[in-house]
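The next block holds one structure in the form of structure tokens; read it before the comments.
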Amino acid sequence: MEMPTPNAAIISRKAQIVERLREVLPDDAVIDDVAETRAYECDGLSAYRCPPLCAVLPASTQEVSAVLKICHELDIPVVPRGSGTSLAGGAMPTADAVILGVAKLNDVLETSYEDRMIRVQTGRTNLSVTGAVETDGFFYAPDPSSQLACAIAGNIAMNSGGAHCLKYGVTTNNLLGVTMVMMDGTVVEIGGAHLDSGGLDLLGVICGSEGQLGVVTEATLRILHKPEGARPVLMGFDSSEVAGACVSDIIKAGVLPVAIEFMDRPCIEVCEAFAKAGYPMCDALLIVEVEGSEAEIDEQLEKIIAIAKTHNPVELREAKNADEAGRIWLGRKSAFGAMGQVNDYMCLDGTIPVSALPEVLRGIQDLSKKFGLDVGNVFHAGDGNMHPLILYNANKPGDLELCEEMGAEILKLCVKVGGCLTGEHGVGIEKRDLMNVQFDPVDLEAQMAVKDVFDPKWLLNPAKVFPLETSQTRRAA
Amino acid sequence: MTPRNESEVAAAIVESTGPVRVMGGGTRPIGRPVPGEALSVAGLSGISLYEPGALTLVAQAGTPVAEIEAALAKENQRLAFEPMDHRTLLGTKGTPTIGGIVAANVSGPRRIAVGACRDFLLGVRFVDGAGQIVKNGGRVMKNVTGYDLVKLMCGAYGTLGVLTEVSLKVLPRTETQASLILHDATPEQAVAAMSAAFGSPFEVTGAAHDGTETVIRIEGFTGSVAYRAGELKKLLSAFGPVDVLDDAEASAARWRAMRDVTPLTKADGDIWRISVRPSAAPGMIAGLPSGSTYMMDWGGGLIWAAVPAGTDLRTHLGDTSGHMTLIRGTADVPTFQPEAAPLAALSAGLRAKFDPNGILNKGIMG
């Protein structure tokens, strides 16, 4: 993965820059020791590493503003970082960049059940937002798999999704307002505890802008009351086509499950060996979960099971109690861990129209044979958000490159059938150079024009999202 | 100008010598009067793709909303954000278009539960002010590939580009619905009741107050609706006697009226739309000038107010944390809530990028 050549002039001024930063931050909030900066050398895309020039950990919006003002004045690139769980390299630094971590910003500022909102500092983890309100029956809906660790700041930057967004939407649908610091240090307030503002939807374009437009320090989030209960049903089919048709029929029948998860045979085998959840060995497995009271769940599951039966399932297992529900989810929830035990893997998240599922799964199998790398598929089927896991050996020279090449082919296939490169992980550095597959130059120009307005010097997370040669003149300006 | 396709829209923009007034069906004359020659997208019409099993519909910007709703109804689906029809309130004629709905980010009562138009918009194609054809987003439900210009275009009133095609997420129609009705509540009591309903696990999909009655909607399968109606009736009894309207047709008619703000259609004066946190709504209603009438939607998060003509309601109410829009009226004030200086600079910067010659719906959002 190519990164821009670091600016030697900036690196040579490190001592001076650190000194300036210590003027506005406590000493221990500026990390410049070479060994300590290694803690920030990568994120969840750990195949790529580079220690930053230094890292700063401001504890307030004012401190974030002071830091950005200095970096703006001295023309130093800044890479914002939530918890560093990005799978796309969104928080990966360059040697001439300051990492701005929001980890110290983790307070709950306001909670209102009457207005169904919570205002938090953005270093707070996703799960701990729900943690702050769940004793009163409320929750924050977006649930990325990394929710124990990932920060709201990163969720906003990447517009994170999760398994339950078929019903509840992704981050952008649950974000009401932000306090954001612009690269020049200006603090802006956008939105608030109310719903849609008039005027241009700046909040909408900030969410998912991968830390390139500003650093969000506070966020107002929508919270919802928890449903009375939830229950999954597991169904096995002897082909992916049939499973895909079943998903489509469930949706067409007017049932809106809270989640529809899909696993294919390679994935089932690995998960079963790891978690021993008692999954049937079949070509495709669906986990469909619905919510409500016991009677409401029965009513929905009855309809879902009736539809499933028309597709001749090889297995149909309804959870009768919490223990059985747990076992149904066990294999799915341990899928990534199980794969990680067996092998190194790369997880993609291209999204496709549900109708193209059989074609894409066949295409992935063909690519798997062509490249000689195994692939397991586990994904959010209701919204077409694929998660092909390509297995490779990190210690075998050339294997990572081969895996990346194959990943690129899969993503091109996703775009070809009407889908997109990334449904929830973000572009980062990982998919940056594939943007031309999905967009024409004029489309990318329109997106870069937005960054020109928010960050005219292109200092915030500059080497991400756009192909390097496409953003070259702007970054060099 | 009535181009028949996207390239003709682009050509019309390139060849224009002055400002251009972008039009859908012309049923929502919101915003300042706009100079220039009219460019109607009515000629760009038709559903280009509809996959019920994928909950996705793609249509040309000038497609009549009624045509889309009819196509969806055939498959037992709908536009879940329940877009308001402004014709009754604004006394307009014409055919509402899907492009108009997107350009004005028009939603209705169900917005509180499922999201606004912008939340259901998956992709756009548009012609910018320089005549370039741009696409963003797509037709899949989860998409974080690049910046979300889809949201930016939604509610931009055509000032960043002329929408040519929109891609929407649609949802199944529900089997049935019911409404619970509380009588004679004050704004405080109404908001408290509506908040209690939303603070329950019973999946309320609408909560409005027409000035006297507070109406709370639930939708879903028959058994589920009956169950939740019973539970909510118990819960809401704390606020007074509760009637259950379990005739689905009658309930739907009630909500169409709420959606189209019919409680205010006969009111004189100016009409304001105020987006506010629900807990602040009663205070704001108390502060309306005498002679005003109002209704609340979104559990109190949206106030519609009819106030004496010419009132500058923002000044009258003083500083508020919400957002006030003049929908119909004579007051000589900005239509939209003025933005703080740094935000106004960002908005102006974006307009200058997408419409470098300043020709698209010039000043409409001023």
Those strands (runs of 3 or more DSSP E) lying entirely in segment A:95-209 with at least 1 residues aliphatic (A, V, I, L, M), over 20 Å from the mean Cα position of the chain (by Cα) and farther than 27 Å from B:F81 by Cβ: A:98-101, A:108-112, A:175-181, A:187-191
Per the filter on segment A:414-464, residues more than 7 Å from chain B (Cβ to nearest Cβ), assigned to a loop (DSSP other than H, G, I, E, B), of a type in the set (A, V, I, L, M) and under 30 Å from A:I10 (Cβ atoms) are A:I429, A:L459, A:A463
Unmet requirement for B:L121, which otherwise passes all of (1) touching a Phe, Trp or Tyr at 6+ places or on another chain (Cβ under 8 Å); (2) under 30 Å from B:I303 (Cα atoms); (3) within 14 Å of chain A (Cβ to nearest Cβ): (1)
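Taking the stated definitions as given, is A:S46 at pLDDT below 95 and surrounded by fewer than 15 Cβ atoms within 10 Å (Cβ to Cβ)? Talk me through it step by step, then tell me what you get.
Working: at pLDDT below 95: yes; surrounded by fewer than 15 Cβ atoms within 10 Å (Cβ to Cβ): yes.
Against the criterion (at pLDDT below 95 and surrounded by fewer than 15 Cβ atoms within 10 Å (Cβ to Cβ)), A:S46 qualifies.
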Could you tell me which residue of segment A:291-310 is nearest to A:H225 (Cα to Cα), considering only residues that are within 12 Å of chain B (Cβ to nearest Cβ) and polar (S, T, N, Q)? A:S293
Which number in (1) away from chain B (no Cβ under 12 Å); (2) outside any helix (DSSP H, G or I); (3) not β-branched (V, I, T) marks the one condition that A:E409 misses? (2)
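A quick yes/no check of all residues on (1) more than 14 Å from chain B (Cβ to nearest Cβ); (2) under 30 Å from A:I99 (Cβ atoms):
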site: A:A132; (1), (2): yes, yes
site: A:F139; (1), (2): no, no
site: A:S146; (1), (2): yes, yes
site: A:N155; (1), (2): no, yes
site: A:G162; (1), (2): no, yes
site: A:C165; (1), (2): no, yes
site: A:N174; (1), (2): no, yes
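Table: residues versus (1) at pLDDT below 95; (2) within 13 Å of another protein chain (Cβ to nearest Cβ).
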position: B:L288; (1), (2): no, no
position: B:G299; (1), (2): no, yes
position: B:H316; (1), (2): yes, no
position: B:T330; (1), (2): yes, no
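Yes or no, residue by residue, for (1) surrounded by fewer than 22 Cβ atoms within 10 Å (Cβ to Cβ); (2) more than 11 Å from the chain's Cα centre (by Cα):
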site: B:G94; (1), (2): yes, yes
site: B:I98; (1), (2): no, yes
site: B:V102; (1), (2): no, no
site: B:N105; (1), (2): no, no
site: B:P109; (1), (2): no, no
site: B:R118; (1), (2): no, no
site: B:L121; (1), (2): no, yes
site: B:G129; (1), (2): no, yes
site: B:V134; (1), (2): no, yes
Any residue at all in segment B:301-318 that's polar (S, T, N, Q), under 23 Å from B:A193 (Cα atoms) and surrounded by fewer than 21 Cβ atoms within 10 Å (Cβ to Cβ)? no
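Quickly run through segment A:227-269 and pick out the residues that are of a type outside the set (A, V, I, L, M) and part of a strand (DSSP E or B). Working first, answer last.
Step one: list which residues in segment A:227-269 are of a type outside the set (A, V, I, L, M), which gives A:227-229, A:231-232, A:236-241, A:244, A:246, A:248-249, A:252, A:254, A:257, A:261-262, A:264-267, A:269.
Scanning segment A:227-269 gives A:R231, A:P232, A:G236, A:F237, A:E261, A:F262, A:D264.
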Index of the failed condition, B:S237 passing every other in (1) more than 14 Å from chain A (Cβ to nearest Cβ); (2) in contact with a strand residue (DSSP E or B) (Cβ under 8 Å, 6 or more places away or on another chain); (3) free of Cβ contacts under 8 Å to residues at least 60 places away in the same chain; (4) more than 18 Å from B:M295 (Cβ to Cβ): (2)
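Specify the residue that is farthest from A:C420 (Cα to Cα); the eligible residues are those in segment A:372-390 that are over 20 Å from the mean Cα position of the chain (by Cα) and buried (at least 19 other Cβ atoms within 10 Å of the Cβ).
Here is the first cut: in segment A:372-390, the residues over 20 Å from the mean Cα position of the chain (by Cα) are A:372-375.
If we keep only those that are buried (at least 19 other Cβ atoms within 10 Å of the Cβ) too, we end up with A:373, A:375.
Numbers: A:L373: 23, A:V375: 19 Å.
Applying the filter and picking the extreme gives A:L373.
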Heads up, the helices (runs of 4 or more DSSP H) in segment B:247-366 (entirely inside) with at least 1 residues that are of a type in the set (S, T, N, Q) and within 28 Å of A:Q447 (Cβ to Cβ) are B:341-354
Selection within segment A:406-453 - surrounded by fewer than 22 Cβ atoms within 10 Å (Cβ to Cβ) and on the phi > 0 side of the Ramachandran plot: A:G418
Just one of (1) surrounded by fewer than 24 Cβ atoms within 10 Å (Cβ to Cβ); (2) in contact (Cβ under 8 Å) with a residue 24 or more places away in the chain; (3) within 21 Å of A:K464 (Cα to Cα) trips up A:P80, so point out which. (1)
Among (1) crowded, with 21+ Cβ neighbours inside 10 Å; (2) in contact with a helix residue (DSSP H, G or I) (Cβ under 7 Å, 6 or more places away or on another chain), there is one condition B:M1 misses while meeting the rest; what is its number? (1)
Inspect all residues belonging to segment A:413-431 and state whether any of them is in contact with a strand residue (DSSP E or B) (Cβ under 8 Å, 6 or more places away or on another chain), outside the structural domain of A:V205 (by TED's automatic domain parsing) and of a type in the set (A, V, I, L, M). no
Collect the residues in segment B:223-270 that are modelled with pLDDT under 95 and loosely packed, with under 14 Cβ neighbours inside 10 Å, keeping them in residue-number order. B:K266, B:D268
Condition test on A:T122, is it crowded, with 21+ Cβ neighbours inside 10 Å and either in contact with a strand residue (DSSP E or B) (Cβ under 8 Å, 6 or more places away or on another chain) or not small (G, A, S) (or both)? yes
When residues of segment B:340-364 are filtered for being facing chain A (nearest Cβ under 9 Å) and buried (at least 22 other Cβ atoms within 10 Å of the Cβ), how many remain? 3
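The values are calculated or read from the model by the stated rules, or taken from the named source; none is laboratory data. This is a predicted model, so every value here is computed, not measured. Every residue, glycine as well, gets a Cβ built from its backbone with ideal geometry; the counts of neighbours run over all protein chains shown.
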